[in-house]
Every structure is written in C-alpha cells, then in structure tokens.
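Below is one structure; the comments refer to it alone.
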Amino acid sequence: MAIQRRIHFTWLVLILSSACGSPAPGDGKALFEKNCKLCHGTDGKKMMGGAPDLSISALSREENIQVILNGRGTMPPFAHALSAEDAGAVADYIARMRP
C-alpha cells in the first residue's frame with residue numbers, strides 16, 4: 001500500500017512538473033533536471049522510491065533510452081514527454097555521471 005502511494009505521488013509530481021516550461025530539445029542536463037532529478041537527484045544518486053543510482057549504472061546508451069521512453073519497475077515511461085532524440089540527450093548526460 002505504501003509503495004502504491006509512493007508511485008501515485010511520483011506520477012502526480014511528474015504530471016505537474018511536465019506542465020511547467022519545457023527545456024530546449026536536446027539539452028540533456030535541462031531535460032534530466034526537469035524530468036529525472038526528483039527521484040534520481042541532480043547527481044543521479046538520490047534513489048527516491050527505488051530509483052537506481054545512475055552514477056554506477058551499467059546500462060548502455062540504448063538501454064537507457066529504452067528505459068527513459070518505456071519505463072521500468074516503478075519508473076514511469078517518458079515517451080509522452082520526450083522524443084527519442086531528447087531521451088538520447090538524457091542518456092548522454094547520465095553517462096557523464098559515471099566515474
């Protein structure tokens with residue numbers, strides 16, 4: 001029950017945040033900050049609601065794009081908010097978080 005509330009809260013925040021101004025297309029950092037930092041934090045390490053630590057993720061760029069667009073686990077899909085190009089820009093930004 002608590003997990004469902006957390007998921008619903010996350011969805012609500014994502015819906016409300018996507019209603020606010022949009023970053024420039026292809027700006028991975030701005031897109032990440034608008035769509036991802038709530039759960040992943042600005043450095044990818046926040047891990048709210050079960051979000052993985054992106055700074056140690058082993059996913060490839062293509063795998064990250066698929067997760068961004070289609071969702072996985074408790075992460076909702078962002079295909080409604082991001083183009084494939086924007087998802088690629090976010091994936092590139094995520095890759096820069098890794099050591």
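Charging the Cβ of each Asp and Glu at -1 and of each Lys and Arg at +1, and nothing else, the dipole of the stretch 26-99 about its Cα centre rounds to 240 debye.
Taking θ as phi - 60° and the Karplus parameters 6.51, -1.76 and 1.60, the scalar couplings of the stretch 45-59 work out to 10, 5, 6, 6, x, x, 5, x, 6, 6, 6, 10, 5, 9, 5 Hz in sequence order, x denoting glycine and proline.
Between the listed residues Gly88, Pro77, Leu59, the Cα displaced farthest toward the positive end of the dipole of the stretch 52-99, a dipole computed from Cβ unit charges relative to the Cα centre, is found at Leu59. Label reach from Ser83 (point 7 Å along Cα→C-beta): in the stretch 24-45, amide nitrogens under 11 Å belong to 25-27.
Other residues with beta-carbon under 15 Å from the beta-carbon of Ser60 carry, at +1 per Lys or Arg and -1 per Asp or Glu, a net charge of +1.
Every number in this text was worked out from the coordinates using simple rules, so none of it is lab data. Here the structure is a predicted model, which means the values were calculated and not measured. For neighbour counting, all protein chains shown are included, and Cβ atoms are generated from backbone atoms with ideal geometry for every residue, glycine included.
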